[in-house]
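What follows is one structure encoded as structure tokens, with my remarks underneath.
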Amino acid sequence: MSKRNLAYVALAVLMVASMLLGACGKQAEKAEAKLEIFSWWTAGGEADGLNAMYKIYSAKYPNVEIVNATVAGGAGSNAKAVLATRMQANDPPDSFQVHAGHELIDSWVKADKMQPVTQIFKDNGWMDKYPKGVIDILSYNGEIWSVPVNIHRSNVLWYNTKVFTDNGIQPPETLDQFFAAADKLKAAGVTPLALGDNGIWTVTHLFESVLLGTMGPEKYLGLWKGTTDWNGAEVKAALENLAKMLGYVNEDHAALSWDQAAQLVADGNAAMTVMGDWAEGYFKAAKLTPGKEFGYVPSPGTKGSFIMLSDSFGLPKGVKDPVNATNWLIVCGSKEGQDAFNPLKGSIPARTDGDRALYDVYLQSAMDDFNSNAIVPSLAHGAAAAEGWVTAAHDTMTLFVANKDVAAAQTALAKACVDAGVCK
Ligand code: GAL
């Protein structure tokens, strides 16, 4: 080959190489550029907690643009459908909020839509930083499938302290005390119980507290294992209690969301609401102080038991930005991430080494209860039962709110357990 030809070849090689490099460079740039996080955290408290984790991420990876893909609607009532459509179309977000337990494993892991995150746990030294029970509910087939950011408590009754004082009411511990307080408040012209069930999950949420308050933790646990009879007397009594409670709620409940119901309590337009402790995050975002403007007790009859759920983030198969997604999960699972997120979110860290001093008086009490109470899983928030069962419960509650038909609801709930393959 002549010198001149050699020079042409060399030039051509250089051009191709630089084109390839350019393309790769662009791809790398693109890969670094975005991180799409999918969740339903849009209300006060929950959105603030999420932003606190974004802030940590952005400080570490300033070149990555975070795409905050939220779909409003508590408990994922709208978000889960949007997510399912995207997952089916193989268009997953880089990471998404998912409840630990059945929601994660039955909906996504068994469907082969997730990548395991066990290695992330090992690489970051997290294996002994989480309670074994939490790792267990994130595990399937020997792998861990998501990174938990918190532990929430579902069975809390929140109340307006001034409304209670003005009406001479003590925080009710039992169902009987609750009904006595509700009668007194009603007679005084105060709405006793705020409910916002424009997303029907809030009635399922109230029902799980009433089930636990009526039958206690062992029988409640048995409901999800097929050892407590859905056709039995305790479930009937729980439905009767629920029907009675629904007689004390605000008239416009069907038009309100969970946070609008919490606002009724914040404003003193209702005395109480039963909601998970994301309501604590909401109250604090509204500049109220726990133990001062609002108080809290375990929902009636549930003292000594803790209905738990955990929000986590997973790594779907086929994400666009796997490196960014992994770095996100590392922030979620870190002590720094959890101690920034949870004090605002109204939850306690899933890790065991959270800095207690950063948590307010309510959250410290939740930490103590989580360590000493009977821990049982939440139905409404994906821990106790598979999504199909949860949906059947929502459908049953939709009818129940309208007709209060105890027998029909009990039959439908018993069937849901059979359909889930748990009851015979
Ligand atoms: C729950 C979720 C909480 C909170 C709540 C209301 O399902 O676990 O973190 O977001 O919904 O949106």
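What the table below lists for this structure:
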| read-out | value |
| --- | --- |
| Long-range amide H partners of Phe96 with built H, under 5 Å | Phe38, Gly314 |
| Average Cα contact separation per residue, the range 209-248, under 8 Å, 6 or more apart, as relative contact order % | 43 percent |
| Accessible-area ranking of Thr161, Thr85, Thr391, largest first, probe 1.4 Å | Thr85, Thr391, Thr161 |
| Low-density loop positions, trypsin sites (Lys or Arg not before Pro), the range 77-111 - DSSP coil, at most 16 other Cβ in 10 Å | Lys110 |
| Note, ³J(HN,Hα) from phi for the range 331-345, Karplus 6.51, -1.76, 1.60, rounded to Hz, x at Gly and Pro | 5, 4, x, 7, 4, 4, x, 6, 6, 8, 6, 5, x, 7, 6 |
| Residue among Thr398, Thr227, Thr326 with the largest mean-square fluctuation in a Gaussian network model of the chain, springs linking Cα atoms under 10 Å | Thr227 |
| Cleavage-rule hits, GluC sites (Glu not before Pro), the range 245-346, DSSP coil, Cβ neighbours within 10 Å at most 10 | Glu251 |
| Accessible area expressed per residue, the range 73-152, with surrounding protein chains retained (probe 1.4 Å, Å²) | 40 Å² |
| Whole-Å distance, taken between Cα centres, linking the range 360-385 and the range 36-72 | 24 Å |
| With Cα atoms, 0 to 90° folded angle of helix 3-33 axis to the chain main axis | 10 degrees |
| Surface accessible to a 1.4 Å probe, per residue, for the residues of the range 304-377, Å² | 32 Å² |
| Links that overshoot a 21 Å alpha carbon limit, given the list Lys80/Lys219; Lys162/Lys184; Lys122/Lys320; Lys225/Lys404 | Lys80/Lys219; Lys122/Lys320; Lys225/Lys404 |
| Accessible surface, per residue, of the range 168-297 when the full set of protein chains is kept, probe 1.4 Å, Å² | 38 Å² |
| The chain: relative contact order in percent, alpha carbon pairs under 8 Å with at least 6 residues between | 27 percent |
| C-alpha long axis of helix 46-60 to longest principal axis of the chain, angle in ° | 20 degrees |
| Whole-percent carbon and sulfur share, accessible surface of the chain, 1.4 Å | 56 percent |
| Residue-wise HN-Hα coupling along the range 320-326, computed from phi with Karplus coefficients 6.51, -1.76, 1.60 (Hz; x: Gly, Pro) | 6, 10, x, 5, 5, 5, 4 |
| Over the range 53-145, relative contact order from alpha-carbon pairs under 8 Å, at least 6 apart, % | 22 percent |
| Euclidean distance of C-alpha centroids, the range 197-248 and the range 141-156, integer Å | 23 Å |
| In degrees, nearest ten, helix 79-88 long axis to first principal axis of the chain (Cα) | 40 degrees |
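The values are calculated or read from the model by the stated rules, or taken from the named source; none is laboratory data. Since we're looking at a predicted model, the values are computed, not measured. Glycine gets a Cβ as well: all are built from the backbone with ideal geometry, and neighbour counts include every protein chain shown. Accessible surface areas use protein heavy atoms only, side chains included; no ligands, DNA or RNA. Shrake-Rupley method; radii C 1.70, N 1.55, O 1.52, S 1.80 Å.
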